[in-house]
């Protein structure tokens, strides 16, 4: 593995998840990198417009990364399949969510929020603790115990162990987060991402049909047909 490329992406990821610009020394401390190396990386990324530097010599993401993101989404088979999925599903009170793991958190790539426009669903990118997300638990269930501990630590693993074991036993993992917030999650084949349905009233809705819909939706991203969500 090329350590320079790896560290450059670590820097970009740090800036992408930060809520403010960061300086060289701060980035070095957080990433455990020498300040001189961070400086060289930032100079290269600055030349590529991947980062920008303000008058205080602090860095944030540049227009180049947004340009790259726009091209990636436009040409992405994943996002094209998701757009088809959302358009065919229509607007419903139930939320459709797609997310991926990022350390101890889950980043939501898609979140319809039940009835909101498709435009607002794309690129949601909110981050939630893994223990608050059926997507996070379902994705962890596909990993070995050693991998999970390396990802979230032994303490969080022990707290989630019962849920993880349950998620391993079923293609669709279900968990009740309170009245009117029953959630279902299914891993997307061939991807390190999962799709979920939330805001489900389990007493009024046919959860068996929703489970079938969810597995079909996961396959839809691979090009298979999708049943109607009623």
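The values are calculated or read from the model by the stated rules, or taken from the named source; none is laboratory data. It should be emphasised that the depicted structure is a prediction, and the values quoted were computed from it without experimental measurement. Neighbour counts are summed over all protein chains in view; Cβ atoms, including those assigned to glycine, are modelled from backbone coordinates with ideal geometry.
Summary table below
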read-out: Restricting the range 19-30 to residues that are surrounded by 15 or more Cβ atoms within 10 Å (Cβ to Cβ) and in contact with a helix residue (DSSP H, G or I) (Cβ under 9 Å, 6 or more places away or on another chain), the residue that is nearest to residue 109 (Cα to Cα); value: 21
read-out: Top-ranked residue of the range 122-133 - restricted to ones that are touching a helix residue (DSSP H, G or I) at 6+ places or on another chain (Cβ under 8 Å) and under 24 Å from residue 176 (Cα atoms), ranked as modelled with the lowest pLDDT; value: 127
read-out: Total residues in the range 12-35, condition under 21 Å from residue 55 (Cβ atoms), touching a residue at least 40 places away in the same chain (Cβ under 8 Å) and assigned to a helix (DSSP H, G or I); value: 1
read-out: Any chance residue 159 is surrounded by 17 or more Cβ atoms within 10 Å (Cβ to Cβ) and over 26 Å from residue 204 (Cα atoms); value: no
read-out: The range 73-121, residues that are in a helix (DSSP H, G or I), under 16 Å from the mean Cα position of the chain (by Cα) and at pLDDT 70 or above; value: 73, 78, 79, 82
read-out: Options 185, 196, 218; residue that is modelled with pLDDT of 95 or more, within 15 Å of residue 96 (Cβ to Cβ) and either in contact with a strand residue (DSSP E or B) (Cβ under 6 Å, 6 or more places away or on another chain) or assigned to a loop (DSSP other than H, G, I, E, B) (or both); value: 185
read-out: Hey, residue 202 over 15 Å from the mean Cα position of the chain (by Cα) and outside any helix (DSSP H, G or I) or not; value: yes
